[in-house]
Amino acid sequence: MALKRRDLLLGSAGMTAGLAAGSLASGPTSAQAQQSPTKWDRDADVVVIGSGATGLPAAIVAQESGSSVILVEAEKDIGGHAITSGGNVPLGGGTSVQKKYGIADSPDLLFRDLTDWSVVEANGFPDYRYNDREIIRAFADNSAPSFEWLVAHGVIFVDKAPDAQGGNSVGNSVPREMHAAVKDWPMVQTGKPANPIIQATFSSGNGLMRPLEAAAKKAGVQILLEHKMTGIYRQTPSSGPVLGIAVDNNGTKLNIRARKAVIIGTGGSTGNVNFRRMFDPRLTEEYCGLAGMPWSNQDASGELAAISVGASLWGLYNQTGEFGSNVTKPGEIGCQYGYRNLQWMPGSAVFDRARASGLMVGNWQNVILVNMLGKRFYDETGEQFIANDYKSIDPYVQESYLNAKNIKYNPNNFLDAALAGIDDGHNGGGPIWAIFDADAVTREKWNPTPPNVDVDAGFFYSADTLADLANKIVMKYQRVALPPANLEATVARYNSFVDSGTDEDFGKPKPLYKIAKPPFYAAWATPVVHDTRAGLRINASCQVVDMNGQVIPGLYCGGESAGGFSQHGLARAACQGYIAGKHAAAETART
Ligand SMILES: Cc1cc2nc3c(=O)[nH]c(=O)nc-3n(C[C@H](O)[C@H](O)[C@H](O)COP(=O)(O)OP(=O)(O)OC[C@H]3O[C@@H](n4cnc5c(N)ncnc54)[C@H](O)[C@@H]3O)c2cc1C
């Protein structure tokens, strides 16, 4: 029986204490340059920061190579965004599973796919053109070994041929996407195991990260939860080796010495408003629904701590370019955390922080989307930026000029319109509200009450008239009043488009439903920030490189906090963790 992700997540009881995921950081973080301490509280050969898709593999590899390892994790539980993920892992280059299914792949083919200048999205943006060749070569050479390593460390992948489903930017020549089976691990989204019927076939980050947690413990990695790295110690702020890190454990300050190396696996920067606005000034505070929160944040603490000891950033276009899932259209509305592939349910350990599950939108014909002034801005059925995968260019001939020439220009500008603002001199598009009526609730089979919607924090409103609804919308990010007359006029005009069958303003394909039957609703439907694809400059060994192009001795990084690699998620993080762990363990210990 085929069950959808939604079915899996529905229904569970009991609330448990939440985790302490930080809120979006808009001021300076605490990761500052540090004076070397006079006293170390703990020490290990290798210190890993973050227990996500980079950190756990890095820690296990280093420990199994004979180094002692301390892993610090800011949150109450391991896993980072990786455990909340779909578990779709595009590792290729000739894996045992590719061979089993007769798929001819190689490190060279993978390398050329991920550096192919001729791959262009339908909106004209090149996915891979700005990838750092040295970093991609290392990924291509270590991709299949990383996959086999995951399998050897307890990750069970769904038993089927690799495909292109669920991930993005996975390459064009051959299918590479593998899917971690959820098995019977309790899911962080619900607090319960998935339905037994689909435990071997349903892909989830829980099935990736819980086996790795078990492998790390078995290997002897010391995992310190609720230990947040607040700074990196280097001999001097701009010279000599990295010596260790400063940590905050619920107010207690500790210094942890690293005799060989520190590995940064802190998961990126899109949760830090000032940091992310270096790449896109539009991404102001109202984009508060970061995918993966509130399980864990990505607050740029790794990047800032490394910069404070001289590190450089790298491959910045990959964060600015309009492809993939750096910014996404929400999938659930009426809640703060509406990322389309992650719904928090009562029973999840973080539900008290998520506060609501949201209403999953099945058909965007059932709502209109308006900005802070109550005005529509785009066809509501419009989509987010797209991303490459196997067969997205068809036919695809590697490095042929015809690839770019054959792409039909077809921009997805929904997000650009949503982020455009209201012409009042401010950056950012402000809140976007989904407006709908009682008939839409019936059609979508929604129950628009808590805990499905977040009334208390101002992410959901209802009223018997449109004017009352507009007047009720008062919340932190709604920095201007929503004029009731605007909302009434917008709905009246939209209803006339339903009568005529033509959306004269934004070309929505045949508007289907009037908004007419009270009560009326306004649900938060603001875009969601997600991936970090630009970060610290690293080399092929995942060593962090400074502004002079020199390696910072004893400092490594991988995953979303590392730059130079435009690919969504898990594969590059796991592979770079694998590379970093190996090289860090091979360093000579300082006495
Ligand atoms: C809902 C969702 C679905 C996804 N689905 C997929 C998918 O199917 N396929 C795919 O390829 N990718 C997917 N991704 C992306 C993927 O999960 C991430 O790219 C990947 O987890 C990044 O790995 P990382 O190690 O860089 O960061 P993370 O996995 O986020 O780990 C970072 C860890 O560092 C910790 N940390 C941060 N700062 C500090 C600090 N100062 N001190 C101590 N600890 C710190 C964090 O708490 C976190 O635990 C998804 C992401 C989300 C949110």
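Gly167 meets the conditions (1) more than 9 Å from the ligand (Cβ to nearest atom); (2) at negative phi; (3) assigned to a loop (DSSP other than H, G, I, E, B) in every case but one. The failed one is (1).
The residues in segment 462-482 that are touching a helix residue (DSSP H, G or I) at 6+ places or on another chain (Cβ under 7 Å) and closer than 23 Å to Gly425 by Cα can be counted, and the count is 2. Cβ-Cβ distances below 9 Å connect the following pairs, each with a first residue in segment 458-472 that is over 23 Å from Gly358 (Cβ atoms), a second residue that is among the charged types (D, E, K, R) and surrounded by fewer than 20 Cβ atoms within 10 Å (Cβ to Cβ), and a separation of six or more residues or different chains: Thr465/Glu488; Ala467/Glu488.
Closer than 30 Å to Gln576 by Cβ and either surrounded by fewer than 24 Cβ atoms within 10 Å (Cβ to Cβ) or without any contact (Cβ under 8 Å) to a residue 24 or more places away in the chain (or both), is that true of Asn447? Spell out how you get there, then give the answer.
On the way: closer than 30 Å to Gln576 by Cβ: no; either surrounded by fewer than 24 Cβ atoms within 10 Å (Cβ to Cβ) or without any contact (Cβ under 8 Å) to a residue 24 or more places away in the chain (or both): yes.
When the stated conditions are applied, Asn447 does not pass them.
Scanning segment 521-546 for residues that are among the basic types (Lys, Arg) and under 17 Å from Val242 (Cα atoms) returns a single hit, Arg537.
Taking the conditions (1) within 11 Å of the ligand (Cβ to nearest atom); (2) more than 17 Å from Ala573 (Cβ to Cβ); (3) not aromatic (Phe, Trp, Tyr) in turn, Gln336 satisfies each one other than (1). Total residues in segment 224-239 satisfying the condition of being among the β-branched types (Val, Ile, Thr) and either closer than 19 Å to Cys557 by Cβ or part of a loop (DSSP other than H, G, I, E, B) (or both): the figure is 2.
Here is a list: Leu369, Leu415. Which entry is closer than 30 Å to Val188 by Cα and crowded, with 19+ Cβ neighbours inside 10 Å?
So the residue among Leu369, Leu415 that is closer than 30 Å to Val188 by Cα and crowded, with 19+ Cβ neighbours inside 10 Å is Leu415.
The single condition among (1) within 15 Å of the ligand (Cβ to nearest atom); (2) part of a strand (DSSP E or B) that Pro553 does not satisfy is (1).
Here the condition is being within 13 Å of the ligand (Cβ to nearest atom) and either polar (S, T, N, Q) or in contact (Cβ under 8 Å) with a residue 12 or more places away in the chain (or both); of Ala44, Ala82, it holds for Ala82 alone.
Looking at this structure, is Lys582 over 30 Å from Pro211 (Cα atoms) and modelled with pLDDT of 95 or more? Show your work before the answer.
Numbers: over 30 Å from Pro211 (Cα atoms): no; modelled with pLDDT of 95 or more: yes.
For Lys582, the condition - over 30 Å from Pro211 (Cα atoms) and modelled with pLDDT of 95 or more - is not met.
Answer yes if at least one residue in segment 204-225 is modelled with pLDDT under 95, touching a strand residue (DSSP E or B) at 6+ places or on another chain (Cβ under 8 Å), more than 22 Å from Glu303 (Cβ to Cβ) and surrounded by fewer than 20 Cβ atoms within 10 Å (Cβ to Cβ), and no otherwise. No, segment 204-225 contains no residue that is modelled with pLDDT under 95, touching a strand residue (DSSP E or B) at 6+ places or on another chain (Cβ under 8 Å), more than 22 Å from Glu303 (Cβ to Cβ) and surrounded by fewer than 20 Cβ atoms within 10 Å (Cβ to Cβ). Consider segment 89-133 and keep the residues that are buried (at least 19 other Cβ atoms within 10 Å of the Cβ) and acidic (Asp, Glu). The one that is farthest from Glu148 (Cα to Cα) is Glu121. When Val242, Val247 are checked against the criterion of being more than 9 Å from the ligand (Cβ to nearest atom), surrounded by 19 or more Cβ atoms within 10 Å (Cβ to Cβ) and not in a loop (DSSP other than H, G, I, E, B), Val242 stands alone in meeting it. Of Phe497, Phe460, all but one fail to be under 26 Å from Trp344 (Cα atoms) and surrounded by 15 or more Cβ atoms within 10 Å (Cβ to Cβ); the exception is Phe460.
Apart from one condition, Ala300 fits all of (1) at negative phi; (2) within 9 Å of the ligand (Cβ to nearest atom); the exception is (1).
The values are calculated or read from the model by the stated rules, or taken from the named source; none is laboratory data. This is a predicted model, so every value here is computed, not measured. Every residue, glycine among them, receives a Cβ derived from its backbone with ideal geometry; neighbour counts consider all protein chains shown.
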